[in-house]
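Presented below is the structure to which this report refers.
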Amino acid sequence: VPRIRTHHLQAAKDSGRRFAMLTAYDQYAAEIFDAAGIEVLLIGDSAANNVLGHATTLPITLDEMILFSRAVTRGASRSLVVADLPFGSYEVSPAQGVESSVRLMKEGLVHAVKMEGGAHYAETVRAIVRAGIPVMAHVGFTPQSEHSLGGYRVQGRGEAGRQVIDDAVALAEAGAFCILMEMVPADVAAEVDRAVSVPTIGIGAGSATTGQVLVWQDMAGLRSGKQAKFVKQFADVRSVLSDAARTYGDQVRDGSFPGPEHSF
Ligand code: KIV
Ligand code: NA
């Protein structure tokens, strides 16, 4: 099966088809989602929360992102694989953004990078694209800025909608191949989708975008606790794993595992 490339996502938008994206942080998740036909896999900096146990995405390092990226790219043969530029790896200058992106491509073996931030990063996007690296822009709620945005809140309500649209247009003009929007009103996301010719991806951004993305542990129900409004849980993997671990523990304790068939 041929690899999904950025032009396939553009073709989806041009012909009115949708595509799906999920996060992946390791080989098995990548293998399973790739085989399930998920078009785009994201090594999200949400690995900070969903793998490393941090409270926010801020602490994850570029080296850690590269490690997860290497695992995912080994597991995926068809999906387009995108990695996040983590907090602190691109803010200083366009040159820093290029250097970090090159490391994700060269060491993480990903096919594109994703970067949070608005129109003020247009120059950085341009520099990374010039280096031959496709850039997915991430606007609206940008978790790396949660301390200046005042927590997890919908962005672009009312008057502020204009800013989200202007950011998306500026980043698309700078060469971003795709615009991802997180937690913005559905009508603003729809307006962005009309305003840019490149495909759009939403998470908590309504249904008018070309693609949708979820964190896989949210999608599959691995995570415990309250879910964000935009999450739909498509399975209860936490219960499946928990039951398996309990049964395994019981059988070890009562001596029914291992049986003769597991012994040499
Ligand atoms: O890191 C992440 O998981 C993301 C998303 C858009 C889901 O950036
Ligand atoms: Na992210």
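Every number in this text was worked out from the coordinates using simple rules, so none of it is lab data. Fair warning: this is a prediction, and the values are worked out from it, not measured in the lab. As a convention, Cβ positions derive from the backbone with ideal geometry for all residues, glycine included, and neighbour counts pool all protein chains shown.
Annotations for the structure displayed:
- D254 versus R238: modelled label distance in nm, points set 7 Å from Cα along the beta carbon direction: 2.7
- Local electrostatic count, G108, Cβ distance below 11 Å [Lys/Arg +1, Asp/Glu -1]: 0
- Rounded to the nearest 20 debye, the dipole size of the chain about its Cα centre is 380 debye, using +1 on the Cβ of Lys and Arg and -1 on the Cβ of Asp and Glu.
- Gaussian network model of the chain, Cα within-10 Å springs - most flexible of V237, V213, V129: V237
- Stokes-Einstein diffusion for the chain, with the hydrodynamic radius set to the Kirkwood value over Cα pairs and evaluated at 10 °C in a medium of 1.306 mPa s, equals 83 µm²/s.
- About the Cα centre, charge dipole magnitude for the range 1-51 (Lys/Arg +1, Asp/Glu -1 at Cβ), debye: 300
- Taking the chain as a Gaussian network of alpha-carbon nodes connected by springs under 10 Å, the highest mean-square fluctuation of the residues R18, R126, R157 belongs to R157.
- Whole-Hz ³J(HN,Hα) from phi, Karplus 6.51 cos²θ - 1.76 cosθ + 1.60, for the range 90-101, glycine and proline x: 8, 6, 5, 6, x, 4, 5, x, 5, 4, 5, 5
- Note on the chain: dipole from Cβ charges, positive end direction compared against V40, I60, H8; the farthest Cα belongs to H8.
- For the chain, relative contact order (Cα pairs under 8 Å, six or more residues apart, normalised by length) works out to 15 percent.
- Estimated FRET transfer efficiency (K229, K106; beta-carbon r; R0 41 Å; 0.05): 0.60
- Near K114, the amide H atoms lying under 5 Å from its own belong to A83, D84, L85, M136; only residues 5 or more places off or on other chains count, and H is placed 1.01 Å from N.
- Separation of the range 179-257 from the range 75-109 is 23 Å, based on Cα centroids.
- Taking amide H positions as modeled 1.01 Å from N, with prolines and chain starts lacking one, the residues under 5 Å from T200 and 5 or more places away or on another chain are I179, T210, G211.
- Phi-derived couplings, Karplus 6.51 cos²θ - 1.76 cosθ + 1.60 at θ = phi - 60°, listed residue by residue for the range 199-207: x, 10, 10, x, 9, x, 9, x, 10 Hz, with x used for Gly and Pro.
- Its DSSP H runs of at least 4 residues, each contributing -39,500 (n - 2.57), put the calculated 222 nm mean residue ellipticity of the chain at -12000 deg cm²/dmol, to the nearest 500.
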